[in-house]
Amino acid sequence: MPTITLSILQAGSDGTYIDGVWFRLVSCTGTVENNGGSPITEYGFCWVTNGQDTPDIKNGEKLVIGTKDITGSFSKTEFPVQLYKNYHVRAYAINSFGVGYSEVKMANGGSISPR
């Protein structure tokens, strides 16, 4: 399996309205430490909102960042976090052996803390 870390998840100072709802923008950076012996075929972030569930690529939502073999960092610089909602977020990478996940981080209404 690939080895993944979620090295940065921080709240930005800016926000935006999306469909009339205020969101704070956060920056997420995942790192593929190694591909686990098989080329990476997809990588990105997955999350669940307002729950205690652990996110995975089938439970919650996912954002595909790339579909090529990668070792190193990838990021999403404008991940919207709605105020007063909790988001459990993980980075993931897929290869022929399965899915590797980072640790879970929690974004809570624009402020960030470990789960």
Sites matching trypsin sites (Lys or Arg not before Pro) across segment 1-88 that sit in DSSP coil, with at most 11 neighbouring C-beta atoms within 10 Å: LYS58, LYS68
Normalised by the residues of the chain, what does the relative contact order come to in percent, with Cα pairs under 8 Å and at least six apart? 33
In whole Hz, with x marking every Gly and Pro, tabulate ³J(HN,Hα) for segment 44-53 from phi via Karplus 6.51 cos²θ - 1.76 cosθ + 1.60, θ = phi - 60°. x, 10, 10, 7, 10, 10, 6, x, 9, 5
Two-site label geometry, GLN52 and TYR17: point separation in nm, points 7 Å out along Cα→Cβ: 3.7
Cβ-based charge dipole, the chain, positive-most Cα from GLY20, ILE40, LEU83: LEU83
Work through the residues other than GLU42 whose Cβ is under 11 Å from its Cβ and net out their charges, Lys, Arg +1 and Asp, Glu -1. +1
Based on the alpha-carbon gyration tensor of segment 52-102 and its eigenvalue square roots a ≥ b ≥ c, which shape applies: rounded if a/c is under 1.5, prolate if not and a/b is larger than b/c, or oblate? oblate
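Quick note: the coordinates plus some simple rules give every number you see, no bench work behind them. All values derive from a computational prediction rather than experimental measurement. Glycine also receives a Cβ, built like all others from the backbone with ideal geometry; neighbour counts cover every protein chain displayed.
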